[in-house]
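Reviewing the structure listed below.
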Amino acid sequence: IGWAFKTTNMKRLGVDPAAGVLDPKIGGTDTNNDRVTIEWTNTPDGAAKQFRREWFQGDGMVRRKNLPIYIF
């Protein structure tokens, strides 16, 4: 299975790696509960453009979007 993340703004919304190939053995695995979750939150005022995991661990609002994975 090949996969790729796509966006309308590659300069601002990048993923590394942006594409890949899954192991062929996944076909025999139950994938009913597999999903990708994207989380986003507002950064603190004056925050540098360097990602910080702690932005997601404080009292601020974290939004999530779950995307189920379907294997056909």
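Identify, from the list Arg64, Arg53, the residue that is in contact with a Ser or Thr (Cβ under 7 Å, 6 or more places away or on another chain) and loosely packed, with under 11 Cβ neighbours inside 10 Å.
Numbers: Arg53 fails: in contact with a Ser or Thr (Cβ under 7 Å, 6 or more places away or on another chain).
Checking each option against the conditions leaves just Arg64.
Give the residues of segment 39-72 that are at pLDDT below 90 and assigned to a strand (DSSP E or B), sorted by residue number.
Leu67, Pro68
Pick from Thr37, Thr7, Thr43: which is in contact with a helix residue (DSSP H, G or I) (Cβ under 8 Å, 6 or more places away or on another chain) and not aliphatic (A, V, I, L, M)?
Working: Thr37 fails: in contact with a helix residue (DSSP H, G or I) (Cβ under 8 Å, 6 or more places away or on another chain); Thr7 fails: in contact with a helix residue (DSSP H, G or I) (Cβ under 8 Å, 6 or more places away or on another chain).
Just one listed residue meets the conditions, Thr43.
Among residues belonging to segment 1-47 that are over 26 Å from Gly60 (Cα atoms) and among the β-branched types (Val, Ile, Thr), point out the one that is most open to solvent (accessible area, probe 1.4 Å).
Thr8
Restricting the first residue to segment 6-24 and requiring it to be under 23 Å from Ile71 (Cα atoms), which pairs with a second residue that is open to solvent by 100 Å² or more (accessible area, probe 1.4 Å) and small (Gly, Ala, Ser) meet a Cβ separation below 8 Å and a spacing of at least six or different chains?
From residues that are under 23 Å from Ile71 (Cα atoms), there are no pairs.
The values are calculated or read from the model by the stated rules, or taken from the named source; none is laboratory data. All figures in this text were calculated on a predicted structure; none of them were measured in a lab. Note that each Cβ is placed from the backbone with ideal geometry, even for glycine, and that neighbours are counted across all protein chains shown. All accessible areas refer to the heavy atoms of the entire protein, side chains included, with ligands and DNA or RNA removed. Shrake-Rupley method; radii C 1.70, N 1.55, O 1.52, S 1.80 Å.
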